1. How high is the relative contact order of region B:3-76, in percent, counting Cα pairs under 8 Å that sit 6 or more residues apart?
2. Run the numbers on chain B and let me know its relative contact order in percent, using alpha-carbon pairs under 8 Å that are six or more apart.
3. May I ask you to derive the FRET efficiency for B:Thr434 and B:Ala545 from their Cβ-Cβ distance with R0 = 25 Å, giving the value to the nearest 0.05?
4. Computed FRET efficiency, Cβ-Cβ of B:Ala469 and A:Asp58, R0 60 Å: what is it to the nearest 0.05?
5. Take every residue in peptide A:19-25, count the Cβ atoms of other chains within 10 Å of its Cβ, and give the average of those counts.
6. Taking K and R as +1 and D and E as -1, what net charge do the other residues with C-beta under 9 Å from the C-beta of B:Asp378 add up to?
7. Using the alpha-carbon centroid of each, what span in Å lies between region B:451-493 and region B:547-620?
8. With label points built 7 Å along Cα→Cβ from the Cα atoms of B:Ala74 and B:Asp593, find their separation and express it in nm.
Amino acid sequence: MAVTMTAAASERVKSFLANRGKGIGLRLGIKTTGCSGLAYVLEFVDELNADDEVFEVDDVNVIIDSKSLAYLQGTELDFVKEGLNEGFQFTNPNAKGECGCGESFNV
Amino acid sequence: MALLQIAEPGQSTVPHQHRLAAGIDLGTTNSLVASVQSGLPKTLTDAEGRDILPSIVSYQQDKILVGDSAKALAIEDPQNTIVSAKRLLGRSLADIKQKYPNLPYTFSGNEDHPSIATVQGDINPVQVSSEVLSTLVERAKQALGGDLEGVVITVPAYFDDAQRQSTKDAATLAGVKVLRLLNEPTAAAVAYGLDSAQEGVIAVYDLGGGTFDISILRLNKGVFEVLSTGGDSALGGDDFDNAIVDYLVSEFELQRPLSHQLERQLLEQACRAKELLSSQDSVEVVINHQQQTLTLELSKATLNELIMPLVSKTLRACRRALKDAGVSTSDVHEVVMVGGSTRVPLVREQVGDYFKRQPLTSIDPDKVVAIGAAIQADVLAGNKPDSEMLLLDVTPLSLGLETMGGLVEKIIPRNSTIPVAKAQEFTTFKDGQTAMAVHVLQGERELVEDCRSLARFELRGIPAMAAGAAHIRVTFKVDADGLLSVSAMEKSTGVEASIEVKPSFGLEEGDIIKMLKESVTHAKGDIQARMLKEQQVEAARVVEAVQAAVQQDGNALLTDDELAAIENALAQLTKISQTSDIAQIEQAIKDVDTITASFAERRMDSSIKTALAGHSVDEV
């Protein structure tokens, strides 16, 4: 399995997808930006691109482009609550360093 | 580790630049904040899990309390605890005293900008509102995990310029950027996604704790127009509770006045019974009084009987609002329910029967306005692809300025979508005129005296030129929140003057409707009056121009007879222009034109000769 999700994450993703009422799944990806070089992408997907791969993780279609896949192998997506704030968190074994805020990383 | 939200396709942000935004329902009694996260709009709660913040601020010696903690002090320390500040926003002292004569506050400050004396000094309503806004903004920052790009704040549809400006000022004071002020009924319609339809008439029925508002909106190509508003500022769910209390008092054969404690117990039981009867057919009311236990079985049928007169009152307001809007119940496509009191089944039933359609109730009626504001804030902050249309509002009345003869030149017509900016060029009326007064007006009528004066300013430093030679560009701008600014610029020198319109009193909803109605009734007379004024202005201009020419060249170019004929024609024109016969004035202007035609030719020849003096024709 390329990536995994915690129960909390898959439950939230399913409800957000249902609420949106359209779309074919959830995109995980990386893009080059930020203070430490790479940043995560988390988006709804309406159509697939040519280099996309689709994985079924806990009944959710997870879409990852082939370039990002190399950096995301083995990543776990979690949904956590910190005080009043809640959101998704990536645990990525490929990441070697993160910037102070954790929003970008390098490999 | 920063927490992430799911973005729309292609709308992921780079780190540290998340476009966080929130919608705020700044209510009279209660306020809420909501935001869209991972595509889902929801209200944000405080650390105790409460989403409703009572709009109450208590000023104490050493601290300022907001919300529930302030509410606790409202009875104990009413002078320093300010409730319902929204009712005071943008109003003059005289206005407040007339509308709410029994407020417990000591007012200070001046007539136009009243404030309330508290232990922390004089506090104005804008400051009170800004405390409520700060509390909600702080909550949103924590819940969303960062600074806000901005907020959308909702205001009643009938809020005038001064009240809207005060709301914006409160946000500025709270240190948050206002992306847009949005009408409350429009926000409710947006929450139900009604803006995605192309057109239709929507009724928004808003029955809160203490107020009732009905708004009739028309959606036209993605733009919500407010056709009419109505309601009752002293009718709400509290009156339902009071009706039940009165019934209990008479059934239990209690003699008023009762102790505060007993009144409170009755009110609590009444409120509980009302809420339970939304889902069951009867409820037992238990009151402990003088070591006795009084009980009573209250049925849904009895409750309905008790509150029916109040519900009927709201329906009468609906009928008036529809009439004002010029539509009938069959034109209404959707009915949106807002406010906690719309949970009462009888209200839903009666509203459904009246409009002959099932009202929309699936979104929590206490939260629906904040949810709509959050959706709009998300779009304005740039989290949606460009294809999603922005919701627009419109100007309720035309905006224009005064021109010669007391006429109104409309620059921005009524129902223009905002934001809008329009410019028009004007010129000077007299030779050597160096200043111009700009008088900004609002209304549909043709004459200044029939419209509402919003502001006046002067453009000075226009270079002395012949009448009609200066080019003065007057620009009217209405920003996204409906606030007007006007500027005037003389093009050759670039001298400029401008004004932001912040009238101390705005128009009441009733005034707007009245002004619109009058413009229709008086349409024909107004146009006649306008044509007459125009001809009179033209006559005065002709007389002045000819007199100036005669003074300059008359001796050189005219015979005595010609001069006498011209003076005679001018005198005739001056006399006729005092009458109200448009055709005659027009004829007299033509007569002057004919008589002065050869004089004009000679002047032209002579000025060409002067220009060519000393040059040969070949040079030209």
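1. Numbers: 88 pairs, mean separation 14.9, N = 74.
Across region B:3-76, relative contact order equals 20 percent.
2. Values: 1132 pairs, mean separation 73.8, N = 620.
After rounding, I find 12 percent.
3. Working: r = 19 Å, r/R0 = 0.74.
So the FRET efficiency works out to roughly 0.85.
4. Numbers: r = 78 Å, r/R0 = 1.30.
Result of the calculation: an efficiency of 0.15.
5. Numbers: counts 5, 5, 2, 0, 4, 0, 0.
What the average comes to for A:19-25 is 2.
6. Details: positive: B:Arg19, B:Lys384; negative: none.
Once all neighbours under 9 Å are counted, the net charge is +2.
7. The distance from the Cα centre of region B:451-493 to that of region B:547-620 comes to 32 Å.
8. 7.1 nm
The values are calculated or read from the model by the stated rules, or taken from the named source; none is laboratory data. Here the structure is a predicted model, which means the values were calculated and not measured. Counting neighbours? That spans all protein chains shown, and the Cβs are built from the backbone with ideal geometry, glycine included. Surface accessibility is based on the protein's heavy atoms, side chains included, excluding ligands, DNA and RNA. Shrake-Rupley method; radii C 1.70, N 1.55, O 1.52, S 1.80 Å.
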